[in-house]
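Engineer: One structure coming up, written as structure tokens, with questions to follow.
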């Protein structure tokens with residue numbers, strides 16, 4: 001009888017732990033706004049201004065998180081009027097080389113166009129697409145793909 005009580009307690013603790021851990025890591029489908037959360041993976045254009053934004057699969061439309069990052073980039077660029085940037089468009093490894101180059105270009109253009117709505121001159125922004133040629137994470141997993149679907153704003157001078 002004592003064995004059953006201990007076993008029940010152990011099973012209850014295991015069940016509670018699994019239930020709580022499942023709740024704390026659940027994400028909505030398609031949510032890519034906080035893929036880069038580790039200190040070693042976050043890159044910055046300037047202190048506190050992220051240099052990259054992320055996209056959903058086969059999309060070049062900006063997420064709410066991407067727009068917020070680009071607003072911060074625009075503020076930084078308005079304060080640094082002599083600074084020019086290149087926006088690099090990237091895609092994950094799936095799809096043909098040609099498709100991913102075109103998708104990367106659409107992503108970079110979306111970021112450029114949004115910066116321009118905040119008063120940044122198009123003459124200060126160049127665009128390049130690397131498609132799937134420069135993955136930040138080459139693992140070939142869904143997490144890696146979400147990290148590779150991005151555009152990155154790089155200082156030119």
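Engineer: Need one number: % antiparallel among DSSP beta bridges in segment 43-155, to the nearest 5.
Structural biologist: 60 percent
Engineer: Using per-residue counts of other Cβ atoms within 10 Å, averaged over each peptide, order 76-83, 53-60 from highest down.
Structural biologist: Listed from highest to lowest mean packing, they are 53-60, 76-83.
Engineer: Starting from the Cα-Cα distance between residue 46 and residue 65, subtract it from 0.36 nm times their residue separation and give me the gain in nm to one decimal. Provide the component values of the computation, followed by the final result.
Structural biologist: On the way: separation 19, 0.36 × 19 = 6.84 nm, distance 1.74 nm.
Here the answer is 5.1 nm.
Engineer: On to the next question. How would segment 43-155 be classified by its alpha-carbon gyration tensor: rounded, prolate or oblate, with rounded meaning a/c under 1.5 and the a/b versus b/c comparison settling the rest?
Structural biologist: Here segment 43-155 falls in the prolate category.
Read the figures in this text as sums done on the coordinates, not as results from a lab. Owing to the predicted nature of the structure, the values given are computational and were not obtained by experimental measurement. Note: ideal-geometry Cβ built from the backbone for every residue, glycine included; neighbour counts use all protein chains shown.
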